[in-house]
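Inspection log for the structure reproduced underneath, given as C-alpha cells.
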Amino acid sequence: GNSVTQMEGPVTLSEEAFLTINCTYTATGYPSLFWYVQYPGEGLQLLLKATKADDKGSNKGFEATYRKETTSFHLEKGSVQVSDSAVYFCALSDTYNFNKFYFGSGTKLNVKP
Amino acid sequence: DTAVSQTPKYLVTQMGNDKSIKCEQNLGHDTMYWYKQDSKKFLKIMFSYNNKELIINETVPNRFSPKSPDKAHLNLHINSLELGDSAVYFCASSPGLAGEVPYNEQFFGPGTRLTVL
C-alpha cells in the first residue's frame, strides 16, 4: 500500500540556518509528490509539488527533488526565516486514483530569531 | 472571498449528540474531500466527492455521513458522537480533470475543531 514517512519533529533552527526535512514514501507506480505547509490555526497550503522522477519542485526558497531510486522527496531551504515556523507535511497522490492523497505525520519547524 | 470555507470553526458537544459541519468552495472545483487530523497532526482522508458523486469512502464508522447537495458544497454529519471523534476536520477541494490531465492540487479550508466531552 501507499504510505509516507517523515522525520519526527520538532525541528528547531536559528534564523538563516539551512533546513532539511526528510520524507520517504512507499507507493506502486508513479505517484505525484507534494509538500504542504500548515501555519498555526490554519488549513494546509500547497508549498510545492513534483509529478515525475527527477522533477524539482520549488517555491518561496523551498526545494524538493523527486528521487525514485531512493523513494525520497526531502524538503530543503538555504536560509530559514522566523516566518517559516509551521508544520510541514509530505504527501503523495495515488498513481491510479489521483484524488486519493496520503500524508505524512507532519514535522513542526520552529525558527528562532 | 474565501476559497474553501467551513462552519463552524469550533464545535464543543456532549457524547451521544448528532452534529454537522458544513463546507463550501467558490473555486469552481469538481472534487471535494473530508479529512480528519488527530491530536498528533496525522491527517487521513475520509471521503471524496466528484460532481456530487461519492468516489472515495475510507474505512470510517457509518456514524459519519457525507452529503453533497451540489458540487460547491460537501457537508459532514456525525451521529452518536464519541470521545474518539475529537479532532480537527478539514474540508478540501481540487479541480479534478483539466481536459484529460488530472489536476489534483488540494485547497484546504481552515478546519473545524470538534471536541466531544
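The values are calculated or read from the model by the stated rules, or taken from the named source; none is laboratory data. None of these values were measured; they are calculated from a predicted model. Glycine also receives a Cβ, built like all others from the backbone with ideal geometry; neighbour counts cover every protein chain displayed. Just so you know, the surface numbers come from the protein's heavy atoms only, side chains and all, with ligands and any DNA or RNA stripped out. Shrake-Rupley method; radii C 1.70, N 1.55, O 1.52, S 1.80 Å.
Consider A:Ala64 carefully, then state whether it is away from every other protein chain (no Cβ under 14 Å), open to solvent by less than 50 Å² (accessible area, probe 1.4 Å) and within 11 Å of the chain's Cα centre (by Cα). Yes.
Of the candidates A:Ala64, A:Ala17, the single residue that is outside any strand (DSSP E or B), among the aliphatic types (A, V, I, L, M) and touching a residue at least 24 places away in the same chain (Cβ under 8 Å) is A:Ala17. The residues of the stretch B:22-33 that are within 14 Å of another protein chain (Cβ to nearest Cβ), of a type outside the set (Asp, Glu) and either in contact with a helix residue (DSSP H, G or I) (Cβ under 9 Å, 6 or more places away or on another chain) or under 19 Å from A:Phe98 (Cβ atoms) (or both), listed by number, are B:Gln25, B:Leu27, B:His29, B:Thr31, B:Met32, B:Tyr33. Going through (1) in contact with a strand residue (DSSP E or B) (Cβ under 6 Å, 6 or more places away or on another chain); (2) of a type in the set (Gly, Ala, Ser); (3) within 11 Å of chain B (Cβ to nearest Cβ) one by one, A:Gly57 falls short only on (3). Identify the residue in the stretch A:20-54 that is free of Cβ contacts under 8 Å to residues at least 40 places away in the same chain and buried (at least 18 other Cβ atoms within 10 Å of the Cβ) and, among all such residues, is farthest from the chain's Cα centre (by Cα). By that ranking, first place goes to A:Gly43.
Restricted to the stretch B:1-22, and to residues there that are closer than 24 Å to A:Tyr88 by Cβ and among the hydrophobic types (A, V, I, L, M, F, W, C), the residue that is most open to solvent (accessible area, probe 1.4 Å) is B:Ala3. A search for C-beta distances below 9 Å between a residue of the stretch B:61-72 that is within 11 Å of B:Met32 (Cα to Cα) and any residue that is outside any strand (DSSP E or B) and of a type in the set (A, V, I, L, M, F, W, C), counting only pairs 6+ apart in sequence or on different chains, returns B:Ala72/B:Leu27.
Among the residues of the stretch B:34-55, which ones are facing another protein chain (nearest Cβ under 7 Å) and of a type in the set (A, V, I, L, M, F, W, C)? Passing the criteria: B:Phe42, B:Leu43, B:Ile45, B:Ile55.
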